[in-house]
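Have a look at the structure below, then the notes.
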Amino acid sequence: MASKFGLAGGIPERRVRPIWDAIDSRQFKNALKHSTSLLAKCPNSPYALALKSLILERMGKSDEALSVCLNAKDLLYKNDSLLMDDLTLSTLQIVFQRLDRLDLATGCYEYACSKFPSNLDLMMGLFNCYVREYSFVKQQQTAIKMYKLVGEERFLLWAVCSIQLQVDLDHDHVEWLQRILIAGSDKFVINALLLACSNLDCSKNLQYAKPRSNLLKVAAVQQSDLVSVELPEHFLDVFCGNGGEKLAMLAEGLLKKHVASHSLHEPEALIVYISILEQQARYGDALEILSGKLGSLLIIEVDKQRIQGRLLARSGDYATGADIYEKILELWTAVTYNPDDWECFLHYLGCLLEDGSSWSNGVHNDPINPQKSVDCKVSQLPDEVFHSRISTSLAFVKKLQADTSDDFIRCPYLAILEIERRKQLHGKGNDDDIVEALMLYFLKFGHLASFSSDVEVFLQVLTPDKKTEFLAKLMKTLDSPATVPTKALGQSITIFKIQELTGNLYKVPVLELESCAVQMVKMYCKSLPLSKDLDPQESMYGEELLSMVCNVLVQLFWRTRHLGYFIEAIMVLEFGLTIRRYIWQYKILLLHLYSHLGVISLAYEWYKSLDMKNILMETVSHHILPQMLASPLWGDLNNLLKDYLKFMDDHFRESADLTFLAYRHRNYSKVIEFVQFKERLQRSNQYLVARVETSVLQLKQKADNIEEEEDVLKNLNSGVHFVELSNEIGSKTLTFNEDFHSRPWWTPTTEKNYLLGPFEGLSYCPKENLVRNFIDLLLYTKEREENVRRVVEKKSLLPRMIYLSIHSASASLKESVEENGSISGSKISSELKFLLEHHAKMLGYSLSDAVEVVMGVSSGVKSFEAFGSDKIDWINFAVFLNAWNLNSHEPLQPDRDQCGRGIWHVVDTLLVKYISEKIKSMESLVCSPRVDLPILVQLVTEPLAWHGLVIQSCVRSSLPSGKKKKKGGSMDQHSSLVLNGVRDSIQSLCDILKEVAKWIRGQIDRSEDESVENILSSLRKKEQDERPGRVFHVLESLIPSINEAEHGGRICQELKTWSALDVARKIVTGDSTLLHFVPALGAASDLELLPYLSATERVEWIVQALHRWTRSLP
């Protein structure tokens, strides 16, 4: 912070410097001591107070910091001369920002600028405040004022960027009109509007003629206040018909006026100018500017040519565009240029064939899941012209190949394949030519790891027979392998990848598929000596083989349902990570294998080993978050959610700093990028889910104690905020930032797991089932968005419904509940009914129909399948329905009088039936994938826990309060009925929880050695026995044969530490982690004390035990 004349905030800098030094070194106590001494000498100095508030905030004393800040603010307002000091204001801004009170910082700067409108430093500070608030309209206005004040180009570009941000974020049209009215009294802005209007061709667009003439009338009164001027006819039609276009016109007008008087001096300014013209589809004007004097601002010729090529193609001048891209491609021999520019070649070919797919807006703009190829259109060119241009492109590519001496440059050779693909799409191609081109490409680049991804799109145009023919030709190359071992290994791996890519591996018999896996493992073992001299952090030769082996073994498990193949896949990956622990692909595969097996603790350990930070927490957490949400590992889940939300919130807080930094460094494209990125993260579906699930987790953790639960609800504002969120989510557009390319084939998305269903036959091929074309992607994203909305809406209602259910149960045993202004019993009932209707609607029913479904399932008339896939939500609905009925004067069903008694038996029956069903479905926790365990966990930690809170509320309200109650027979009878229902419900739930505890005890009492032996026995294969174990046997036989001379010291040492017994024991221990998470058997053993307790003590004890069990179960 610079100071003038040796003063800092009006105080000699020598007195301030020790304070800043102490703050920078985090010696806050020392800094506070210096600050107190300074305030004793300068008690009325706002800067001294600002420094003290900064220190207090860093010490975590937020309330004191805010109080001192407000005192400094008051002093500033009392003495206008102090407002000139930007150092004081900026220090206050830092504190206000960290206290989440940006409005106060903005208010200070607004007041200062109103007193000193010509102070540039203050205006820049105000602009910074608006950047932090993402107030683009006010940014624009402030930037224009600064531009008028000093005439600097950067401030004009700040205004233009602010306008672009308004366009990109698509603010509605009425708001755009208000912007014009607010800023329109300025003569400069009206002139800019006139210039924008002058660009409209009224001969072709007659609807613009009258508005343009009317705008001249506005200009005639530009000295007056535009707000008081009556708008001319059709002004709204033109300037609010499409806000984005008109804002772009305004930005263009501002730049055009500046260029006419001052020209442009920065390359970024020119790029911004061109982008604004592109937004208006005025490519000819943009080309004219680029070809003129302003074009000289772009020093790198290739960058200029790229823009020219894009503008020419988008304007429809494909011939000139092709010439431009051809010039760029000919620069491949230049040292300073990228010689493997595949995107440039696609643009060249697109221009040559007059296909504008490469430049279509919005199709290929997803940075998380980019398209692998251009979805080109079928060329409409006449056959003669098409053949001529294809011949031209082939000749040009041949020339590029001849000029390229580097053996690693793939683009000129891959271009032949793209040309053949275009011919095929046009109906003039030949499969044999594509196969021949693929073989030539394989012979030159088949050893590279990228080969399969390079040719994937070209394999799609081949018929199944031609794919088989291509594979046969590849297999023949193995007869004469390359002389270089690493190259031969790479080609062999590529052939396996192509088999996987074409689906060939999924069509062979089980024994043949198993033999293929054995072949891969043997090849991996033989390749180990090639990596003996590599650093542990370097990729090993043949690493991909074990991932492919894992895929094959999981495929075998899916086909045969033999768990040994699944365990074998785990063993293979654990073996690979023993040799080199940095292979993230292995870790992700293991994570999903352990998740499917139900050993969530091990899955989470492998996820933690990935060490995900920053944006990876957004793109990669989908691998573990859904499993953790359904697990009992609440501590780990809390850490996962807390770390994720901390990153997101920190980014939202700090992204404005990056944006303003980009403004100051005149990197305007980054300004747009930073803001768009922040907006994308704010609309993230995972962020929305994490916010809601964090609150639900808090409610789960405290459900065993109603007083603690009420404290949580109080902190959540009784769930009101989440009800508002549930109402708002329908209008929000969500973003999906997950990187699904890293997921294994059997679970391509978080919603899909092929292993849970039957084998889909020989026609199944994971690679061919992946979403490829843009329309399918849009439909899938839309479906996911609706699913996420539905889930979040239901979860968002939980806190409020729990709050209302607790009070409804309490009100059923009291005449009224009106403590501290709380809502009365009738209001509780009406609001809870409204939320139940909303919940039923999300389940696809009206309230009355939903009640019929619940009653039908409870009575056995209908099966649980009537609930569909939302069984937990239906049982939650029944729990809250019971709570509402306790305090309602409306019958649940027209032909039955059930007012005010509750439907305890209905809820109890649903819970008992469903929990019993899930226990019976899980014969053994170890050695079988456990699909039902997460459901059991959800049953106990959600509907049963919420039901327990209703019970606790009833029992608490029934206990004597020390006050005399009026006698009332009907009230006593009603209370008796309710309490009888409570007692029966407690006994019913205790019985089912005893059954759960018994089942858990049975799992825990299993011998660990017996469980380990069960796992290992699934891998032992006898001769001529069709069982898993062949792959595992190859790995076991490798261990005794290793020697340090051949494999290297590091690999030998690591291999000696690997043991299949240790892996099996780790799986068993992981199971125990779930079952021993919280001791569950203590409460069950206390049941022996029940006969010796009084009736009142028994009820109170059972309630406490019930919720202690609820917390202790997995």
Worksheet item: Excluding ligands and nucleic acids, what accessible area in Å² is computed for V720 using a 1.4 Å probe, to the nearest 10?
Response: 50 Å²
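About its Cα centre, how strong a charge dipole does the range 405-493 have in debye, to the nearest 20, once Lys and Arg get +1 and Asp and Glu get -1 at the Cβ? Walk me through the numbers before you get to the answer.
Working: 11 positive and 13 negative charges, 12 e Å.
Dipole about the Cα centre, nearest 20: 60 debye.
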Worksheet, complete the sentence: FRET efficiency (R17, N787; Cβ distance; R0 60 Å; to 0.05) is 0.55
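With charges only on Cβ, +1 for K and R and -1 for D and E, what is the dipole size of the range 2-116 about its Cα centre, in debye, rounded to 20?
480 debye
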Worksheet item: What is the spin-label model distance, in nm, from S1037 to D406 if the labels are put 7 Å beyond Cα along the C-beta direction?
Response: 4.5 nm
Worksheet entry | Sites S291 and L440, calculated FRET efficiency, Cβ-Cβ separation with R0 56 Å, nearest 0.05 | 0.85
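Give me the extension gain from E728 to E890: residue separation times 0.36 nm, minus the current Cα-Cα distance, reported in nm with one decimal.
Numbers: separation 162, 0.36 × 162 = 58.32 nm, distance 3.00 nm.
Once the chain is fully extended between E728 and E890, it gains 55.3 nm.
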Worksheet, complete the sentence: Long-range amide H partners of S684, meaning residues 5 or more apart or on another chain whose placed amide H is closer than 5 Å, are T735
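Looking at the square roots a ≥ b ≥ c of the eigenvalues of the Cα gyration tensor of the range 645-701, which shape do they give, rounded for a/c under 1.5, prolate if a/b is larger than b/c, or oblate? List each step's numbers first, then the result.
Values: a/c = 7.01, a/b = 2.90, b/c = 2.41.
It is prolate, given that a/c is not under 1.5 and a/b is the larger ratio.
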Response to the item:
Extension length gain for D984 and K532 (0.36 nm per residue less Cα distance), in nm, is 155.8 nm
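May I ask you to give the percent of accessible area on the range 2-116 that is carbon plus sulfur, with a probe radius of 1.4 Å? Mind showing how you got there, number by number?
Values: 2890 of 5740 Å².
Accessible surface attributable to carbon and sulfur in the range 2-116 totals 50 percent.
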Discussion item. Taking R0 as 35 Å, what FRET efficiency do you get between R1001 and V518 from their Cβ-Cβ distance, rounded to the nearest 0.05?
Written reply: 0.25
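Pull out the extension gain between D465 and D650, defined as 0.36 nm times the separation in residues minus the alpha carbon to alpha carbon distance; nm, one decimal.
Full extension of this stretch gives 61.1 nm more.
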Discussion item. Place a point 7 Å from Cα of M59 in the direction of its Cβ. Which residues in the range 22-44 have their backbone N less than 15 Å from it?
Written reply: 22-24, 26-40
Worksheet, complete the sentence: For S135, the residues 5 or more places away or on another chain with a placed amide H closer than 5 Å to its own amide H are none
Item to complete: Report the accessible area of R282, computed with a 1.4 Å probe over the heavy atoms of all protein chains in place, in Å² rounded to the nearest 10.
Response: 50 Å²
Worksheet item: With every protein chain kept in the model, how would you rank D80, D849 by accessible area, 1.4 Å probe, largest at the top?
Response: D849, D80
Worksheet item: the range 426-489 to the range 629-670: how many Å between their Cα centroids?
Response: 44 Å
Response to the item:
XL table K327/K398; K994/K1066; K473/K522; K642/K678; K702/K841; Cα-Cα > 21 Å flagged, in table order, is K994/K1066; K473/K522; K702/K841
Worksheet item: Q676 versus V720, label points 7 Å from Cα toward the beta carbon: distance in nm?
Response: 4.0 nm
Response to the item:
Checked against a 20 Å limit on the C-alpha separation, the offending pairs among K467/K507; K532/K1056; K304/K399 are K304/K399
Worksheet item: How large is ³J(HN,Hα), in whole Hz, for each residue of the range 867-876 in order, when computed from phi with the Karplus curve 6.51 cos²θ - 1.76 cosθ + 1.60 and θ = phi - 60°, using x for Gly and Pro?
Response: 7, x, 8, 9, 4, 5, 5, 5, 6, 4
Worksheet item: With each label point set 7 Å from Cα along the Cα-Cβ vector, what nm distance links K41 and S921?
Response: 7.6 nm
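Just to make sure I understand: if all protein chains stay in place, what is the order of R784, R1030 by accessible area at 1.4 Å, largest first?
Values: R784 15, R1030 75 Å².
So, going from the largest accessible area down, we get R1030, R784.
The values are calculated or read from the model by the stated rules, or taken from the named source; none is laboratory data. Small disclaimer: the values here were computed from a predicted structure and weren't measured. We place every Cβ from the backbone using ideal geometry, glycine too, and count neighbours over all the protein chains shown. The protein model used for the area step is the full one, side chains on, heavy atoms only, and it has no ligands, DNA or RNA in it. Shrake-Rupley method; radii C 1.70, N 1.55, O 1.52, S 1.80 Å.
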